[in-house]
Structure formats: structure tokens, C-alpha cells
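K.L.:
I'd like to ask you about the structure that follows.
The values are calculated or read from the model by the stated rules, or taken from the named source; none is laboratory data. This structure is a prediction, so every number in the text was calculated from the model and none was measured. No Cβ is skipped: glycine too gets one built from the backbone with ideal geometry, and neighbour counts run over all protein chains shown.
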Amino acid sequence: MAKQKAKNVAHTEAIFLAAIAEGVSATQARTLAECLYWSQHTRHEIDGQRALYKTGPELSDKLGLTARTINRHLKQLGEDGFWRIRYRPRPKHPSPVTWLVIAERSEVLLANAKAERKGQGRHRTSDRAERRQSDVRTCDAQRSHYDTTYIETVIQNDRGETSFISDSDVRKNEPSAVDNDRIRAPRYVESTRELEKFVETISRILAVKGLPPWDTVSRFTWQHVRDLIEKLQAEGVSDLADQIKLVGRIIKRWSVLRCCMDDRYTCHDGNDDRPTPMALNHQIKKLISALDILSPKDCSLEKGGSNFDEGFF
């Protein structure tokens, strides 16, 4: 049964060539081919249509493109009718991600790629020896006509390396708990115990206050927190405990402090109830200044100068 099912799967190169035939540019065809290949393996559905979740960074290493470029491709391909984009949480995790809901145009493209693959399979046995020799000297006529191939545009073409994070990989990469409260950075993030301790303590503060948690699976969370710690050190807050106390005070007074940020952060839904790591990282100087105005005594950074008594320190 598994072998029969595998025969009905269109591979990335066949999808790529079918996309090129429809006039999709080579770079966008690469992104389209990767997404549609894995859409054949998804078990998720949205509104009765197959759907898969992914982000630009998940494809970045595979295709050799920046995450921003891939996200632009996803949006353009959505506008071209290959899928609909929805934002909602992934399974077993509260943070919203980009979902691609496969549209009819993609289904037709996959059907064409599968038909092409079957047509090639009927002639494979008879001309195998001839093709083995001709591949050394010339390229396939169809590829020559479009003047590009999937292999020529892909840096890595190893099917053993998955382009997407499966549910099992997500569980492996999610922060693991030690003694019910220790948070570890995912394997793909370069981290230190000091950084993990900072995120762990702030996560406890958010949990006790009933606030939305930070997405500790995302590499961007850890990057922003790392930059935040460096900025706090530049401001003279070098001790980890003092850094945590300062951010704790900001969270405590957030309903007032959030209005002191730039509009793009103040109006962002993610900052409604608590600051996101990005907001803290980019607006920390303004937040410290506003906190100092609101409560000068609370802003003392000297050891023991905090009256933020939430039972965490």
C-alpha cells in the first residue's frame, strides 16, 4: 500500500517543470514545487481543502533564498491562485503561523506533473541505456526548451532532508521542561544558559499573570532576547537578575508603557497584553525612560532597589 501510494506522488522536479510550463518564473517555481510536494503528504485540512503550515525560514536553507524572498513568493503565488493564505495556530502550539490552503490551480498542476511522470515511466525501461549515455552529452529536450531545470536552481536536492518541520520535529525542538520550569532553546538556536534563564523567568512571570506566552520555538524570539540583553548591558544593566527585574517591571506597568512606544509597536496586536521580544528589543530605551518617569524609585537598577514583588526573585 505504501509503495502504491508513493507512485501517486509528484516529485519536485516534475512539479517545477509543470510550473515553468504555466509561465511561473524559475525562482518562484522552486518555491511552488517544494510547497506542493509536501502538500501531498499533509493530513491537515482547512474548509475541506488540504492545507500545510510553513514559514519562510523553514525553506530558506533548502532553497538558498532569504526568508523575506520566500515570503514574497508565497504571497505572489497566493495572488496567482495556487493557494489561499491563512494565519492560525499550528497543532499543539498556540502561536499562529502561515497556512497554505491548496487551491484548484495547484491540484491541476499536480495532476499534470503526475501525468508527465507516468508518461515518462512507460518509456523508462526501453530507453534506459540510451538515456544513460545521452545525459552525459546533452540535456533533455524539454529542459533545454525552458532553458532551466530544478536541479540547476536548487542548492541542495536531497529528499532525505525535509524542507518542513513535521509535528515530531516540532515536539523535539520545542523547549523541554526540567523540574517543570526549565526552558531550553531549540536545537537550531545558538544559546547560552544565561539566555535560557532569562527567557525561562520571563515565561514564568507571564504564566503567573495569565498573559500570552512568548513563542519559544521561534528562532526570532531568541534572537530578539539576545539583542535585548546586549542593549541592557550597554545601558549599564549588566547583572542578569537586574535585567529580569527591569523587564518584570515593564510587564507590570505594560498597560501604560505600551503607549510610549512607536505607533507600529503600540498598534500591533501582539503587544496588547504584554510586550513581545521584538518590541522590547527595539523600544527598550523608550520603555526605560517612560518607566523612570512613571515610577523613579521602581527604576533604580542598583542591586536590591526593586520593589517588584511578584515572588520570582
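K.L.:
State all residues of the range 191-232 that are outside any helix (DSSP H, G or I) and either closer than 13 Å to Pro94 by Cβ or touching a residue at least 12 places away in the same chain (Cβ under 8 Å) (or both); if no residue qualifies, say none.
P.N.:
The answer is Ser191, Lys209, Leu211, Pro212, Pro213, Trp214, Asp215, Thr216, Val217, Ser218.
K.L.:
If we keep just the residues of the range 21-61 that are under 19 Å from the mean Cα position of the chain (by Cα) and of a type in the set (Gly, Ala, Ser), which is farthest from Leu77 (Cα to Cα)?
P.N.:
Here the answer is Ser60.
K.L.:
Can you tell me which residue among Gln49, Gln76 is touching a strand residue (DSSP E or B) at 6+ places or on another chain (Cβ under 6 Å) and among the polar types (S, T, N, Q)?
P.N.:
On the way: Gln76 fails: touching a strand residue (DSSP E or B) at 6+ places or on another chain (Cβ under 6 Å).
Just a single option satisfies the conditions, and that option is Gln49.
K.L.:
Confirm whether Arg84 is in contact with a strand residue (DSSP E or B) (Cβ under 7 Å, 6 or more places away or on another chain), within 14 Å of Ser218 (Cβ to Cβ), charged (D, E, K, R) and assigned by TED's automatic domain parsing to the domain that holds Glu22. Give the derivation first.
P.N.:
Values: in contact with a strand residue (DSSP E or B) (Cβ under 7 Å, 6 or more places away or on another chain): yes; within 14 Å of Ser218 (Cβ to Cβ): no; charged (D, E, K, R): yes; assigned by TED's automatic domain parsing to the domain that holds Glu22: yes.
No; evaluated as a whole, the condition is false for this residue.
K.L.:
Give me the pairs, please: first residue somewhere in the range 252-271 and aromatic (Phe, Trp, Tyr), second residue anywhere and assigned to a helix (DSSP H, G or I), beta-carbon distance under 8 Å, and either six or more positions apart or on two chains.
P.N.:
That search, which allows pairs on different chains as well, returns Tyr265/Arg258; Tyr265/Asn271; Tyr265/Met278; Tyr265/Ala279; Tyr265/His282; Tyr265/Gln283.
K.L.:
Next question, about the same structure. Taking Glu194, is it outside the structural domain of Asp61 (by TED's automatic domain parsing), surrounded by fewer than 16 Cβ atoms within 10 Å (Cβ to Cβ) and closer than 21 Å to Ile293 by Cβ? Outline the logic, then answer.
P.N.:
Details: outside the structural domain of Asp61 (by TED's automatic domain parsing): yes; surrounded by fewer than 16 Cβ atoms within 10 Å (Cβ to Cβ): yes; closer than 21 Å to Ile293 by Cβ: no.
Answer is no for this residue.
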